[in-house]
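One structure is given below, encoded as structure tokens.
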Amino acid sequence: MDDVVEFCSDLIKYESVTPNDNGIIEYIKIFLDNVGFQTKILEFANDNYCIKNLFAKYVQDKGKSLGFLGHSDVVPAGEGWNTSPFVPVIKNDYLIGRGVADMKGGIAAFCCAVSEFIKLGFKGEIRFFITGDEEIGSYQGTRSLLKWASQNKELPIDCLIGEPSSKKEIGDRIYIGHRGSINVNVCAIGKQGHVAYPENYNNALMRICSFISEMKNYSWKYNDKRYPKTNLEPTLLYVGNYAENIVPGRCSANINVRFGADYTLEKLEQIFFNKAKQYDLHLDFRRSGEAYCCDNIELINLLSNSICKITNIKPEISTAGGTSDGRYMINYCNVIEFGLQDITIHQPNEKIKINDLQILKDIYFQFLKDYFNA
């Protein structure tokens, strides 16, 4: 097998479901040690668990400084697999296994590209930030690791994130940012009653449904065209009522909002709060992150041109998709995101084309050469 396919297959074997790394961080560390990186495992803990993260750097004189941010943790396997999720399988030119796209493939491709690139000789600095809890909020992962890096002056100037970004074929899309995200938990308290006697109950479900409908059809402004339009979707609804002839006296729902730079988290909370008062609703907010966008045209063009040299594809420049840990890295440096296709992430039978993995390694190698002018 090609080195990157073999390395990615090895990573799949680690059942690194958050928050357990089960040895994958140490495995990546040994690989980078052998390449010549200085490496350090950093552990950050809360009351429930401890997360292992890896920091590694290779410095060859002073020059440009590039970081690579990735996460080795994966979501639970779930049901519906045709193969064992943590046993890598090659079938019909695909590599199958949990995390192969999100994002062990990206880590493998960049590690293998770097191991070849540094043999060329270059001036500059390369840093790895491999974290272990991206799938559950990144509190003891990216957030803590970047705080440590800032305190120890180990931050790069630019950062490539290896999350899956390609859409229909490898190289057709680059993410230069993402919309912000916030979850709004809505609770209505009324009075339970028999559905045939409206004078005796206060329908909590009806108030929440009316509120969601109004917010869905709210006139959201759309001035900053770098992002898709602001959109909200109800994702959970709970009444705790299984009888068809009872009107619920209590109801709760969750709404997720994805928004561009026309809004901030604070402004959105105020809009929701003002509307909720009209329906006598209680709100709680869980912030995921503000909208962000990389405006460094030189960095965007460098990556775009590197992709085109390998694939003859001019990638779409996008801020769509879900959030990534770029929302934390952007506070410290320029951020750009590029990786494999995202079609099967978090699904059973997660898979990638073997050829795509090899192409991704080649693109990363080309980008390293172009970035450092090697």
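The values are calculated or read from the model by the stated rules, or taken from the named source; none is laboratory data. Nothing here was measured: the structure is a model prediction, and the numbers come from that model. Neighbour counts run over all protein chains shown; Cβ positions are idealised from the backbone, glycine included.
If we scan segment 343-355, do we find a residue that is closer than 17 Å to residue 161 by Cβ, of a type in the set (S, T, N, Q) and in the same structural domain as residue 68 (by TED's automatic domain parsing)?
no
Mind listing just one residue for me: the one in segment 301-327 that is over 30 Å from residue 148 (Cβ atoms), part of a loop (DSSP other than H, G, I, E, B) and not small (Gly, Ala, Ser) and, of those, nearest to the chain's Cα centre (by Cα)?
315
Residues that are part of a strand (DSSP E or B) and of a type in the set (A, V, I, L, M): does segment 26-38 have at least one?
No, because not a single residue in segment 26-38 is part of a strand (DSSP E or B) and of a type in the set (A, V, I, L, M).
It is to be established whether one or more residues within segment 272-279 are of a type in the set (Gly, Ala, Ser) and within 21 Å of the chain's Cα centre (by Cα).
The answer is no, given that none of the residues of segment 272-279 is of a type in the set (Gly, Ala, Ser) and within 21 Å of the chain's Cα centre (by Cα).
Determine which member of the set 368, 360, 281 is modelled with pLDDT of 95 or more and in the same structural domain as residue 263 (by TED's automatic domain parsing).
Matching residue, one of 368, 360, 281: 281.
Cβ contacts < 7 Å: first residue acidic (Asp, Glu), restricted to segment 138-164; second residue buried (at least 18 other Cβ atoms within 10 Å of the Cβ) and modelled with pLDDT under 95, any location; separation 6+ or different chain. Result?
Close Cβ pairs satisfying both conditions: 163/324.
Going through 246, 271, 255 one at a time, which residue ends up being more than 28 Å from residue 224 (Cα to Cα), assigned by TED's automatic domain parsing to the domain that holds residue 197 and in contact (Cβ under 8 Å) with a residue 24 or more places away in the chain? Don't jump to the end; show me each part of the working.
Working: 271 fails: more than 28 Å from residue 224 (Cα to Cα); 255 fails: more than 28 Å from residue 224 (Cα to Cα).
One residue alone meets the criteria, 246.
When segment 99-137 is examined, which residues are found to be surrounded by fewer than 24 Cβ atoms within 10 Å (Cβ to Cβ) and outside any helix (DSSP H, G or I)?
Within segment 99-137, 121, 122, 123, 124, 125, 127, 128, 137 meet the criteria.
Can you tell which of 51, 25, 12, 30 is closer than 15 Å to residue 114 by Cα, in the same structural domain as residue 367 (by TED's automatic domain parsing) and hydrophobic (A, V, I, L, M, F, W, C)?
Working: 51 fails: closer than 15 Å to residue 114 by Cα; 25 fails: closer than 15 Å to residue 114 by Cα; 12 fails: closer than 15 Å to residue 114 by Cα.
Going through 51, 25, 12, 30 in turn, the sole match is 30.
Residues are listed down the side, and each one gets a yes or a no for (1) more than 19 Å from the chain's Cα centre (by Cα); (2) modelled with pLDDT under 95; (3) farther than 30 Å from residue 113 by Cα:
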{"site": "177", "(1), (2), (3)": "no, no, no"}
{"site": "184", "(1), (2), (3)": "yes, no, yes"}
{"site": "220", "(1), (2), (3)": "yes, no, yes"}
{"site": "223", "(1), (2), (3)": "yes, no, yes"}
{"site": "240", "(1), (2), (3)": "yes, yes, yes"}
{"site": "247", "(1), (2), (3)": "yes, no, yes"}
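Got a number for residues in segment 284-304 being loosely packed, with under 14 Cβ neighbours inside 10 Å and at pLDDT 95 or above?
The total comes to 5.
Go through segment 1-46 and give me each residue that's of a type in the set (Asp, Glu) and within 20 Å of residue 141 (Cβ to Cβ). Step through it out loud before you land on a result.
Going through segment 1-46, the residues of a type in the set (Asp, Glu) turn out to be 2-3, 6, 10, 15, 21, 26, 33, 43.
Residues satisfying the conditions are 15, 21, 26, 43.
Do any residues in segment 2-19 that are within 17 Å of residue 77 (Cα to Cα) and touching a residue at least 24 places away in the same chain (Cβ under 8 Å) have Cβ atoms under 8 Å from those of residues that are among the hydroxyl-bearing types (Ser, Thr, Tyr) and surrounded by 22 or more Cβ atoms within 10 Å (Cβ to Cβ), where the two are at least six apart or on different chains, and which pairs are they?
11/72; 14/72; 16/72
Kindly list, by first and then second residue, each pair from a residue in segment 23-50 that is under 20 Å from residue 13 (Cα atoms) to a residue that is among the aromatic types (Phe, Trp, Tyr) and not in a loop (DSSP other than H, G, I, E, B), limited to pairs with Cβ atoms under 7 Å and residues at least 6 apart or on different chains.
Cβ pairs passing all conditions: 32/128.
Quick one: what pairs do we get from segment 170-182, first residue without any contact (Cβ under 8 Å) to a residue 40 or more places away in the chain and of a type in the set (D, E, K, R), second assigned to a loop (DSSP other than H, G, I, E, B) and surrounded by 21 or more Cβ atoms within 10 Å (Cβ to Cβ), C-beta under 6 Å, 6+ apart or different chains?
Listed by first residue and then by second, the contacts come to nothing, as the list is empty.
Among the residues of segment 328-346, write down those that are assigned to a loop (DSSP other than H, G, I, E, B) and either of a type in the set (A, V, I, L, M, F, W, C) or surrounded by fewer than 18 Cβ atoms within 10 Å (Cβ to Cβ) (or both).
Scanning segment 328-346 gives 330, 331, 332, 333, 338, 340, 343, 345, 346.
Could you list, in sequence order, the residues of segment 141-155 that are of a type outside the set (A, V, I, L, M, F, W, C) and either crowded, with 24+ Cβ neighbours inside 10 Å or within 25 Å of residue 316 (Cβ to Cβ) (or both)?
At the first step, the residues of segment 141-155 found to be of a type outside the set (A, V, I, L, M, F, W, C) are 141-144, 147, 150-154.
141, 142, listed by residue number.
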